[in-house]
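The values are calculated or read from the model by the stated rules, or taken from the named source; none is laboratory data. Computed from a predicted model, the values in this text were never measured in an experiment. Note that we place each Cβ from the backbone using ideal geometry, even for glycine, and neighbour counts take in every protein chain shown.
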Amino acid sequence: MAYNINWHTRDGDTDLLQSPYYQKYATSYIGTLDATSIKNDIKACFASNESAAVIAYLSWLLRVLALVA
């Protein structure tokens, strides 16, 4: 689901929750994240339906970083 900054995922969304990108950032504090690293990870994703949830998550991280900047 995407509602601007209030994005969330469902518990059963294993494609996202088990992805290496989610695992990479899910254990980090927002204040320690690097926007350039997140953008590079988005660039490395395929533009496909399978990547949509991961890209939405990474985009949400960027919006949160902008919010707290």
Looking at this structure, is Leu67 surrounded by 10 or more Cβ atoms within 10 Å (Cβ to Cβ) and either out of contact with any strand residue (DSSP E or B) (no Cβ under 8 Å at 6 or more places or on another chain) or in contact (Cβ under 8 Å) with a residue 24 or more places away in the chain (or both)? no
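Considering only segment 34-60, state which residues are in a helix (DSSP H, G or I), over 12 Å from Leu16 (Cβ atoms) and at pLDDT below 95.
The initial filter retains those residues of segment 34-60 that are in a helix (DSSP H, G or I), namely 35-43, 49-60.
Right, trim to over 12 Å from Leu16 (Cβ atoms) and you get 35-43, 49, 59.
Asn49, Ser59 - these are the residues of segment 34-60 that are in a helix (DSSP H, G or I), over 12 Å from Leu16 (Cβ atoms) and at pLDDT below 95.
Being at pLDDT below 90 and surrounded by fewer than 14 Cβ atoms within 10 Å (Cβ to Cβ): is that true of Gly31 here?
No: the conditions fail for Gly31.
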Between residues in segment 40-57 that are without any contact (Cβ under 8 Å) to a residue 60 or more places away in the chain and residues that are assigned to a helix (DSSP H, G or I) and charged (D, E, K, R), which pairs lie under 7 Å by C-beta distance while being six or more apart or on different chains? Glu50/Asp15; Ala53/Asp15
Among residues of segment 46-64, those that are of a type in the set (A, V, I, L, M) and either in contact with a Ser or Thr (Cβ under 6 Å, 6 or more places away or on another chain) or loosely packed, with under 10 Cβ neighbours inside 10 Å (or both), counted: 2
